[in-house]
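Every number in this text was worked out from the coordinates using simple rules, so none of it is lab data. Fair warning: this is a prediction, and the values are worked out from it, not measured in the lab. Positions of Cβ are generated from backbone atoms using ideal geometry, with glycine treated the same way; all protein chains shown enter the neighbour counts.
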Amino acid sequence: MAGMNYSITPNRVVNESERSDAYYVSALRRRSLRNSESLLQDVFVEELENKVLCYKELSNETIKYVISSLEKGKIDYSFSSIACKEGFDLDKKLLERLRYESLSCRKELPKKVVHIVGCFRSGTTYLYNLMVYQKAFAYFTHVSHHLWSTYNLKHEKRQLIEYMPCSVLADDTMKTRNNLSINVPSEGQEIFNKSINVHTYLGNYKGQQSIHPIVDLQFIKSAIEKHVAIFKREVFLSKDPYNSLRIKYLQDLYPNTYFIHIFRNGYDTVRSMNEYGFINYTHTGEVLTGTKLWSSYINSILTSCPKDRTLHISYEKLRENPINTLTLIFAWLGVKLDLSQQLLGTSTKIIDVRTDSEKKDKEIDRLNTTLSNLTQEY
């Protein structure tokens, strides 16, 4: 099967010093898995990443192929030839993964499942990383796959982010993802979308939202229960902005399912989405502007989330006082919190840099008011 089309050109400006083999291989892996329909292709990009992780050089031909794939937006049939030249037996490696999952990977039901929801550029990743860092949850990482969910977690040269110095929480998300030695908490988009395909990723921050998603919950249930078992933690935590569109399916997946909605001032969110290129999403043929995309996610959350199992959190308050916010969240969830005082250094005062011309959108003003009335004082 030919590689799926996708664009992997980074939207943000990347310094040349960041463009290492690890950067290119990591970018290829992340983007290709979102739309891949070839398991051998999945194994290929994983093995490329593993080789770089073990400080082994890729051939010049392979690096050129990786960069070309990023530029063309697809992996073609010739990946098999590149794999052979790098010494990868893809069929053997695929069988190894599937055998591990079937023979060595246990499943355990979660006692509680928590989903962080919110629009893009609203602080979902920041909150996710802070919560993961407390070592209280099972969660997906960037190496989780829908069929071999936990196989890559056993790599001896990878370390979970929760065991890294607290300073990693302040790093740019892209910088952290390009460090192959860190198992970064992941949205698990490939897993979630295989189960509930609410969107089609078209590359370079472009996407099409599905009107009637195909729902097959076997992948997500299996992956969650395998991660609960391997982490040996009873509460599973996830984060994916697209889950804001999956709430009606997720809330009944397990009986004790909770939602944490993190929101950011609408004007700041829309500006950030525009800066990062989240302006090419369509729904029923309509291109969603930043404001329409933001309001559609907020409205979906407000109408779909069960009120007795949803906590609304302000991004601005989280950044200004992460310890107080985490204390509130963990108390609400009934999860023990043993905060590191190192987190004191992660607080940031939010400065309003908006101009008067940006403060005139009635829909944003309306939802900003609604959201501010939902938050608890802390």
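What is the gain in length, in nm to one decimal, between Asn60 and Leu217 on full extension, counting 0.36 nm per residue of separation less the C-alpha to C-alpha distance?
Working: separation 157, 0.36 × 157 = 56.52 nm, distance 4.17 nm.
Taking Asn60 through Leu217 to full extension adds about 52.4 nm, to one decimal.
Its Cα gyration tensor gives the range 16-103 an equivalent ellipsoid, and the semi-axes of that ellipsoid, as √(5λ) in whole Å with the largest first, are 21, 14, 13. Protection proxy ranking of 45-56, 78-89, by the mean of other Cβ atoms within 10 Å over each peptide's residues and highest first, is 45-56, 78-89.
Under a 5 Å amide H cut-off, with hydrogens placed 1.01 Å from N, Ile313 pairs with His261, Ile262, Phe263 among residues at least 5 apart or on other chains.
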